[in-house]
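Computed from the coordinates by the stated procedures, all read-outs in this text should not be read as laboratory data. Values in this document were obtained by computation on a predicted structure and should not be read as measured data. Positions of Cβ are backbone-derived with ideal geometry, glycine not excepted, and every protein chain shown enters the neighbour counts.
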């Protein structure tokens, strides 16, 4: 028996250039589409008669972008979701995930060039649109935002057992590659503006927080989003603890005045939580 | 309000050498541990008094491996889960994920060497143990098992709309990087033997199936597992469609007799389903 | 016979926090060290008596950073090179490669925070110091600087043969992930200032160039460096052509007004050259 | 002035299915092509009239594979090299690099299936053909062959200085991801057979060697190739030391009987040498 099934297209890459005279705008997305519905017979009997090919899903991304240039990933995701739901009677739920790769403008003699761009960081802006019938849920997020604070971070007073060797640390480096996703109250919003407001709230809370643990800071960041951005109803944060270990210089006849660290990739702590109103 | 929260340690690397005279056994794991429970105050107030450090979780992996050499990842995962549940009254649910990296022996003059090993493929064996109170659920899996069939795969008769350009294909390459996970009926099993039986069932079904779509083959593979391995109650398969496109040689004045293909990384179809009894 | 041999330590990770009251400076490097010299007996006879362990090379990075905080990667590389050459009579040539991972400051209410940082892009600053006896050669570079221009790029009038299907394109996207390395005339320079001048010259030339091919733009960028920065004697550029293919929308009943593109990862053109005075 | 320049196409992916009734053969390659020659005007003046597009290089790979199915990567590389040299008078040197991704057959009821395949390891077979006029040099190799020995590996008696903290170790794990490349005396060989002979020699030497250091084992492996395979004139080995650190269990009240290790990714030792006759 088929308990749960979905199919779709992932990693659809879209670059869009909008030309306004000498000033071009560049948008760069990776899109994923996921269908759930009455498709059981394609699994059990190999009956494809109701199956929209994933290749067509890909084509549709390009066709809709050509017809309605993308301004906000959230709105473009909704357009795709509506398009698929209207034309596919077997489709019960559709999910569109968009990742925006961010570019800035190259500066020439301190002036932004209109047609030359430089790729920004590893950080991406994300958006998720879920549709069911004529109901839509819209969320957004940020992924792989790598941040670090070099003060106001401690981890002390924790539980100890026979295998605990970690010492209390009053002043450590706190670093993470933040993935945050949040849900919006409505589907009509200035999504670009709101996204920036959430990102600002996350970064400011991280910078200003007097951290007693990753959990503690994660919660404060989530609360800051809910406090500052009315449109958000829930926010989920996933924060790997990118440990920075102070180097033991005493074996080299030197003192480490909390200045020399080794960042480590593995193992890593992983802290996650959802904060709701 | 904190709606959902978890913390733990990921990417704990463990290599274990068991020495039986001239013949050594090598085991190589990546372990992740995830705690859910009464830890809200660590988030809201920065109160760490009930928080077992993730560093201690890591130490515990090494300590338990030293005391009870790992034979089966499922059994070792259960040992870890029990250990944590017994000692941490605030812990409500624990999850242990293990990934086994597989090694074979180097052959010297057609004889397996006792102490020299070569790493096998990208394929990993996985195991998941979930514990709550004194209840345990055990599952296993395989990840990144890259397989391809060069015949008996078609995709025809699908739904067409204005953006459909894909032609019917009667004889195509079907390739995927399989991730499968399954759940066991009991917690007492010969896990190594059963894992091999499931893997065999998956591979045989893939090889023998007369495929009308990825969905169709996925379902057949899932059914083969349930038919052949009584201990499995449900199996989930995730199969990215690693498209192999026939090269259009006609523009080069040549014919492609279904022999020359370009494998592509993106975009890719993604098919997933759970099959239960 | 041993024709060529080297040994060393790679991927030594160093994070340095310099504390000036409320304002901290953060430096983040990956360092590689490579020794060539009279070490043949360690290969042929397993005689380690003259071999400085690579573990000691790693320790030395931390020890020297503790004693002389890193301001410029070039100067720190030279310090390391001198240290090793002075103490290791068997060492004939040493090479130090440094990669600096760049961080900016988090802005809080439009003011830069003194102790909170956000990781910049994928772009890295690199430096290479080579030492032999008391002679040092110093170079620098940039790696994985992803840039794109949406106009003033053509590729026409090329050689055609029986397998050529590429059409002339008068207006295409030109994108690359630039790796550039250059050599300095002297070992005494304001390395930070000079590095920024070279990077500016590269970006400005890329943005302003009327490109007839990647080769053509590569050459112009190299020439701009030599024209603008007297301290540089040679510059090498490696430019993968990150193809952006216009989507054929005609099959979807739509027109592509040079606005909708698919960026592709493979295959890619690869253009490289060294420009010298 | 242009001191050194090359252009070409990288990451050309080719999958070839040869159909012999029910038994298919599968070949999977990544190909790179690199041209050096009289192309300066394309750099300096943007004159493309002598430039074969890299897109044509890609097409040529598919066209030649369609006309001459690939049996040996070395022979196919030579075919490509000859093709380009004959038709491009400006081409002075051409280099073809081929990487073969290895597949085995899926076994069904202990019998190899004719049309179903499973991808082997991360290990690749490589080949390099260099052509200049009518002179060709052919080499081959293996990359990312991950091997480990759990005995007969020591590292003792090395040089110590003020920053040395590494203890002598008489019995350690030795692990590496071997990249080896070798050059053949002639261009007429049974390349498949010879490649397997070299690989066997490398693995046997690694397994049997009584290692005093990575350098020591590397040299023994290189010598084994020259001793066992007459057709090879020189072999280069690059061996990252994938350190496996014994876990300090004493702090957990336990003893580590040289059984529990943490494999680390960074930093790593890097040993390389070329062995010639």
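Which order do D:221, D:57, D:1 fall in if you start with the one that has the fewest other Cβ atoms within 10 Å? Spell out each step's value before the answer.
Values: D:221 22, D:57 26, D:1 12.
Going from least to most buried by this count: D:1, D:221, D:57.
For each of C:7, B:184, count neighbouring Cβ atoms within 10 Å of the residue's Cβ, then give the residues from fewest to most. Can you show the working numbers first?
On the way: C:7 28, B:184 21.
Placing the least packed residue first, the sequence is B:184, C:7.
Relative to the first principal axis of the alpha-carbon coordinates of chain A, what is the inclination of helix A:191-208, with its axis defined by its Cα atoms, in degrees from 0 to 90 and to the nearest 10?
With rounding to tens, the tilt is 10 degrees.
Compute the distance from the alpha-carbon center of segment C:63-84 to that of segment D:87-116, in whole Å.
First find each Cα centre; the distance between them is then 47 Å.
Placing a label point 7 Å from Cα toward Cβ, how far apart in nm is residue B:208 from its equivalents in the other copies, listed shortest first to one decimal?
Nearest to farthest, the other copies are at 4.3, 6.6, 7.1 nm.
Restricting to DSSP H runs of at least four residues, report the calculated mean residue ellipticity at 222 nm for chain B, -39500 (n - 2.57) per run over all residues, nearest 500 deg cm²/dmol. If you can, show how the numbers build up before the last one.
Numbers: 5 runs with 67 residues, N = 277.
Value at 222 nm, helices only: -7500 deg cm²/dmol.
Post the alpha-carbon centroid distance, segment A:204-222 to segment C:135-187, in whole angstrom.
43
Taking neighbour Cβ counts within 10 Å as the exposure measure, how do D:209, D:68 sort from fewest upward?
Working: D:209 21, D:68 11.
Ascending Cβ contact count within 10 Å gives the list D:68, D:209.
Quick check on segment B:7-133: take the gyration tensor over C-alpha atoms, sort the square-rooted eigenvalues as a ≥ b ≥ c, and tell me if it's rounded (a/c under 1.5), prolate or oblate.
Numbers: a/c = 3.01, a/b = 2.66, b/c = 1.13.
Prolate is the answer for segment B:7-133, as a/c is 1.5 or above and a/b outweighs b/c.
Please state the shape class of segment D:145-276: rounded when a/c is under 1.5, otherwise prolate if a/b exceeds b/c and oblate if not, all from the C-alpha gyration tensor. Intermediate values should be presented prior to the final figure.
On the way: a/c = 2.81, a/b = 2.22, b/c = 1.27.
Here segment D:145-276 falls in the prolate category.
Helix D:54-67 versus the longest principal axis of chain D: what angle, 0 to 90°, nearest 10, using Cα atoms?
Orientation of helix D:54-67: about 90 degrees from the principal axis.
Take peptide B:57-67, look around each residue's Cβ out to 10 angstrom, count Cβ atoms belonging to other protein chains, and average those counts.
6
Counting only Cβ atoms, what residue of chain D lies nearest to the axis that sends chain D onto chain B, and how many whole Å off?
So the chain D residue sitting closest to the axis is D:121, 2.
Which FRET efficiency value, to the nearest 0.05, is calculated for residue D:45 and residue A:187 with the Förster distance at 45 angstrom and r the Cβ-Cβ distance?
Working: r = 55 Å, r/R0 = 1.23.
For residue D:45 and residue A:187, the calculated efficiency is 0.25.
Where the label is 7 Å out from Cα toward Cβ, how close does residue C:102 come to the same position in every other copy, in nm, shortest first?
From this label point to the equivalent ones elsewhere in the assembly: 1.5, 4.2, 4.5 nm.
Over all residues in A:83-92, what is the mean tally of Cβ atoms on other chains that come within 10 Å of each residue's Cβ?
Numbers: counts 1, 0, 0, 0, 4, 2, 0, 1, 0, 0.
Going residue by residue through A:83-92 and averaging, the value is 1.
If we hang a label 7 Å off Cα along the beta carbon direction at residue C:135, how far is it from the matching labels on the other copies, in nm, shortest first?
2.8, 7.6, 7.7
Counting DSSP beta bridges in segment C:145-276, what percent are antiparallel, to the nearest 5?
Numbers: 23 of 24 bridges.
In segment C:145-276, approximately 95 percent of DSSP beta bridges are antiparallel ones.
In percent, how large is the relative contact order of segment D:145-276, given Cα pairs closer than 8 Å and 6 or more residues apart? Intermediate results must be reported in sequence, preceding the final value.
Numbers: 222 pairs, mean separation 34.2, N = 132.
Rounded, it is 26 percent for segment D:145-276.
What does the average come to when, for each residue of peptide B:117-124, you count the partner chain Cβ atoms lying within 10 Å of its Cβ? Walk me through the numbers before you get to the answer.
Details: counts 7, 10, 10, 5, 8, 4, 4, 0.
Per residue, the number of nearby Cβ atoms from other chains is 6 on average.
Under 1.5 on a/c is rounded, so check that first for chain C, then, if it is not, pick prolate when a/b is larger than b/c and oblate when it is not; a ≥ b ≥ c are the square roots of the alpha carbon gyration tensor eigenvalues. Don't skip to the end; give the middle numbers.
Details: a/c = 2.23, a/b = 1.58, b/c = 1.41.
It is prolate, given that a/c is not under 1.5 and a/b is the larger ratio.
With contacts defined as alpha carbon pairs under 8 Å and 6 or more residues apart, what's the relative contact order of segment D:7-133 in percent?
Values: 225 pairs, mean separation 35.4, N = 127.
After rounding, I find 28 percent.
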